[in-house]
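Visitor: Pasting in a structure now, in structure tokens, and then I'll have a few things to ask.
The numbers here are math on the coordinates, done by the rules we state, and not lab data. Here the structure is a predicted model, which is why all the values come from computation and not from measurement. All Cβ positions, glycine included, derive from the backbone under ideal geometry; neighbour counts span all protein chains shown.
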Amino acid sequence: MNKATSPNGATPPHERDIKTIVNAGLARRHAAERRFRWYGLTAITLGLAFVVLMFANIINKGLPAFWQTYIQVPITFDAAALDPEGQRDPRALAGADYNALVRAGLRQLFPKVEGRLPLRALSALVSTDASYDLQRRVLADPQLIGTQQEIWLLASAAVDTFVKGNIDRGLEEANRPIKDNQIDWIDQLRAAGKIERQFNAVLFRSGDSREPEQAGIRGALMGSFFTLLVTFLLSFPIGVATAVYLEEFAPKNRWTDIIEVNINNLAAVPSIVFGLLGLAVFINFFGLPRSAPLVGGLVLSLMTLPVIIIAGRAALTSVPPSIREAALGMGASKLQMVGHHVLPLAMPGMLTGSIIGMARALGESAPLLMIGMVAFIVDVPKSFLDPATVLPVQIYLWSDLPERAFVERTSAAIMVLLAFMILMNGLAILLRKRFERRW
Amino acid sequence: MSTTAIDTQIALNGALNRNAPIRQSAGAQVTDYDNRQTVGKITVDNPKMACREVNVYYGQKHAIKNVSLDIGANEVIAFIGPSGCGKSTFIRCLNRMNDTIPAARVTGLIKLDDDDIHAKEIDVVQLRARVGMVFQKPNPFPKSIYENVAYGPRIHGMVNDKAELDQLVRDSLERAGLIKEVEKRMLEPGTSLSGGQQQRLCIARAIAVNPEVILMDEPCSALDPIATAKIEELIDELRENYTIVIVTHSMQQAARVSQRTAYFHLGDLIEIGDTDQIFTNPRHKLTEDYITGRFG
Ligand SMILES: Nc1ncnc2c1ncn2[C@@H]1O[C@H](COP(=O)(O)OP(=O)(O)O)[C@@H](O)[C@H]1O
Ligand SMILES: [Mg+2]
């Protein structure tokens, strides 16, 4: 064999010096690696920057909504006006004219105000809820009758917005929701320490309202709760059972292949399609009520099921075959093998998948629009059949409204929604960490 | 499978099914590599299990070809052979573990005492309680040591109360030579033990249900020499009460622990006989090549 010749006359490859060859290419390789690291870092930084921007924006807008302006008004609970018969009959007490009390209180603060329009402007400082607030107080404690109290009444949304500095004084009077005389009164109240921002309990206590200062997310929260409860109760057991059956018991044939492909496809179906399906099947065919969390839960179950099934199957396949063999070798039946060993080991994975599926369902709005969970609903739902809306839909509804106070509340509701999402995802991570592979 | 004239010459000492046709060459030495008929006496006087004309197919693949042999009561029989020859496949026939592989198909007769293990009235659950198994890789359940051993008795309803179960768990661990090491840590996970201890835990788990036969598929291949020695010692002790089938890739191990040895080659049972004879005086050229280390 003639070793000196190579096809093109150069030294044959096996005689070249590997050290110099590698060294020559080394700089290029390192540069490529550095470049790649930079691409990655840039991408991550960019992504994080957007997340931070989004959060900052939402928090900046939404945080003020957690405080609400209140005005301290001296209220005389006049026995003659409230309870002329003196029976303390709750029906009579409920029917009394509390608006008059509020008006009287405000006039006591500003005795010099005269005329129909200025008086109306004065009344508009406090929310229309103020009279109901007084009614609730009296009904809760009839002892108030005959006394005079300094009471913090909920300010109107316009006052709240102004106090939060979101209305420019320099604007022409006609262009602002709050008039010159009102600004004057607010300044006086401020100077007297009779205006204050308090924690906005209303936001968490009441349902939707046309008046921003009275609007809360309680209704949407309860709607989301009932809807997700239905979703979980349906999709978790069915999803787990399906995953177990398909993975552990079903024969592997064409039918199970078709089912598998279809489940994977279902997970990719746009959610609005599930909404249309729910409308056609649950409402039009089965005649279930519109806007009900029950139907919402059914629709979201359809959406969540494939996710849970896929996650469940992945969790089951990750249980090592040696555990199955050990159980079967001991004479355990198939069901015992699954029930005693495989399922407990797969459960954390299944739960993680389910929680992530539920978090997705919590954020879902499109399919719920289809089944009427988008209505304006004031009452907080108390059951699975009461008309309700859910948090993301509430956000969608509020985001449409022009009032500054609703803009604020939209962001506040987004913050609450995000908090729940983060909580759920955190729970999923915790579960995964806690039950990491133990074999 | 075709039956040849040789079949009729066979003396079926103690075989359970005297009519089952068996391939077995009668001659003394077989030098022809292509002769895949079993050399040696497949039968024993006192059989615990008997296999006749067992074939296993994985789909199209013929993994075990017409294998017949007896497993004597209270003996340790070793299956040896190059990897991929079907030792695991065959041992898994004995407790029908191959049922769990959808592609696997087993034909032929396998008897445990007088019961055909494939008969309708024999449930695999019962069979596997009678024929326990220890696997290549120690596979304790990810539960406590106690729970590992208690599992079998629990699912089969062997005990009446907690005291009985406690006693049974202790006895089993004692027999598996593990009690001293785990006495104080019964509630710790079985997976926290060392490899050798885990394998002895698996043996304890298997003997807790008081099986008649214990199958061991390369039980020491994942263990160090000291742990291996302990298991081998244990196997020798267990022989008193159980029949043991062991697959091993170590010929020294086969020589140390077994009384009879069967040599498999590409799905055929090439030679079977007393362990001493197989290792000192193999009669088939393939066996000789294997034990002298010419391949394997
Ligand atoms: N589940 C299976 N599916 C298909 N072929 C298999 C399967 N298990 C084993 N085999 C094949 O059967 C033959 C025997 O395998 P095995 O019994 O595991 O051999 P050994 O235990 O002697 O090393 C091998 O050729 C192997 O590839
Ligand atoms: Mg093997």
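Visitor: Take peptide A:331-337, look around each residue's Cβ out to 10 angstrom, count Cβ atoms belonging to other protein chains, and average those counts.
Guide: Average neighbour count from other chains, rounded to a whole number: 6.
Visitor: With runs of 4+ DSSP H residues as the only contributors, calculate the mean residue ellipticity of chain B at 222 nm using -39,500 (n - 2.57) per run, divided by the residue total and rounded to the nearest 500.
Guide: The helix contribution divided over chain B gives -9000 deg cm²/dmol.
Visitor: Averaged over B:120-133, how many beta carbons belonging to a partner chain fall within 10 Å of each residue's beta carbon?
Guide: Taking the mean over all residues of the peptide, I get 3.
Visitor: Now for a different question. Step through the residues of segment A:292-299 one at a time and calculate ³J(HN,Hα) from phi using the Karplus curve (6.51 cos²θ - 1.76 cosθ + 1.60, θ = phi - 60°), rounding each to whole Hz and writing x for Gly and Pro.
Guide: For segment A:292-299, the Karplus-derived couplings read 8, x, 4, 5, x, x, 4, 5 Hz, x marking Gly and Pro.
Visitor: List the residues, sorted by chain then number, that are 5 or more residues from residue B:216 or on another chain and whose placed amide H is less than 5 Å from its amide H.
Guide: Under 5 Å from the amide H of residue B:216 lie the amide H atoms of B:134, B:245, B:246, B:247, each far enough along the sequence or on another chain.
Visitor: What 222 nm value per residue comes from the helices of chain A, counting each DSSP H run with n ≥ 4 as -39,500 (n - 2.57) and dividing by all residues, nearest 500 deg cm²/dmol?
Guide: Roughly -19000 deg cm²/dmol at 222 nm, from the helical runs in chain A.
Visitor: If the limit is 27 Å between Cα atoms, which of B:48/B:285; B:87/B:230; B:230/B:285; B:65/B:120 go over it?
Guide: Checking Cα-Cα distances, B:48/B:285; B:230/B:285 exceed 27 Å.
Visitor: Could you pull out every one of the aspartates and glutamates with an alpha carbon less than 13 Å from that of residue B:162, ignoring same-chain neighbours closer than 8 positions?
Guide: Reachable aspartates and glutamates: B:147.
Visitor: How crowded by other chains is B:135-141, given as the mean number of beta carbons from other chains within 10 Å of each beta carbon?
Guide: 5
Visitor: In debye, nearest 20: dipole of chain A around its Cα centre with unit charges on the Cβ of K, R (+) and D, E (-)?
Guide: In debye, rounded to 20, chain A gives about 2000.
Visitor: Charges at C-beta only: +1 for Lys and Arg, -1 for Asp and Glu. How large is the resulting dipole of segment A:218-435 about its Cα centre, in Debye rounded to 20?
Guide: Dipole size: approximately 380 debye.
Visitor: Distance in nm between label sites at residue B:294 and residue A:117, each 7 Å beyond Cα in the beta-carbon direction?
Guide: 12.0
Visitor: For a quick protection proxy, order the peptides A:398-405, A:346-353, B:40-47, A:191-198 by their average other-Cβ count within 10 Å, most packed first.
Guide: Packing proxy ranking, top to bottom: A:346-353, B:40-47, A:398-405, A:191-198.
Visitor: Using DSSP, restrict attention to beta bridges with both residues in the protein assembly as shown and report what percent are antiparallel, rounded to the nearest 5.
Guide: Of those bridges, close to 65 percent are antiparallel.
Visitor: Provide the FRET efficiency to the nearest 0.05 for the residue B:276-residue B:170 pair, computing r from the beta carbons and using R0 = 45 Å.
Guide: 0.75
Visitor: Same structure, new question: Students often forget the sequence filter, so: which aspartates and glutamates lie under 14 Å Cα-Cα from residue A:61 once same-chain residues fewer than 8 apart are removed?
Guide: By straight Cα distance, residue A:61 reaches A:403, A:408.
Visitor: Here is a follow-up. What list of ³J(HN,Hα) couplings, whole Hz, do you get for segment B:255-267 from phi and the Karplus terms 6.51, -1.76, 1.60, once you set θ to phi - 60° and write x for glycine and proline?
Guide: Couplings: 5, 6, 9, 9, 9, 10, 9, 10, 9, 9, 9, 6, x Hz.
Visitor: At a Förster radius of 56 Å, what calculated FRET efficiency corresponds to the Cβ-Cβ distance of residue A:32 and residue B:233, to the nearest 0.05?
Guide: 0.45
Visitor: Here is a further query. Efficiency by 1/(1 + (r/R0)^6): what FRET value for residue A:107 and residue A:53, r their Cβ-Cβ distance, R0 = 45 Å, to the nearest 0.05?
Guide: After rounding, the FRET efficiency stands at 0.40.
Visitor: Which of A:396, A:366, A:262 sits closest to the plus end of the dipole of segment A:218-435, meaning its Cα is farthest towards the positive end, when Lys and Arg get +1 and Asp and Glu get -1 on the C-beta?
Guide: A:262
Visitor: Among B:126, B:263, B:58, whose Cα sits farthest toward the positive end of the charge dipole of chain B (+1 at Cβ of Lys/Arg, -1 at Cβ of Asp/Glu, about the Cα centre)?
Guide: Final value for the positive-end residue is B:58.
Visitor: Looking at chain B, send over the antiparallel percent of its DSSP beta bridges, to the nearest 5.
Guide: Beta bridges within chain B, antiparallel portion: roughly 55 percent.
Visitor: Subtracting the Cα-Cα distance from 0.36 nm times the residue separation, let me have the gained length for residue A:423 to residue A:140 in nm, one decimal.
Guide: Gain on extension, residue A:423 to residue A:140, equals 98.2 nm.
Visitor: Can you give me the distance in nm between label points at residue A:322 and residue B:31, each placed 7 Å from the Cα along the Cα-to-Cβ direction?
Guide: For residue A:322 paired with residue B:31, the spin-label model returns 4.7 nm.
Visitor: Residue B:45 to residue B:99: extension gain in nm, 0.36 nm per residue of separation minus the Cα-Cα distance?
Guide: 16.5 nm
Visitor: Taking the Cα centre of segment A:317-439 as the origin, how large is its charge dipole in debye, to the nearest 20, when only Lys and Arg (+1) and Asp and Glu (-1) carry charge on their Cβ atoms?
Guide: Around 700 debye, computed over segment A:317-439.
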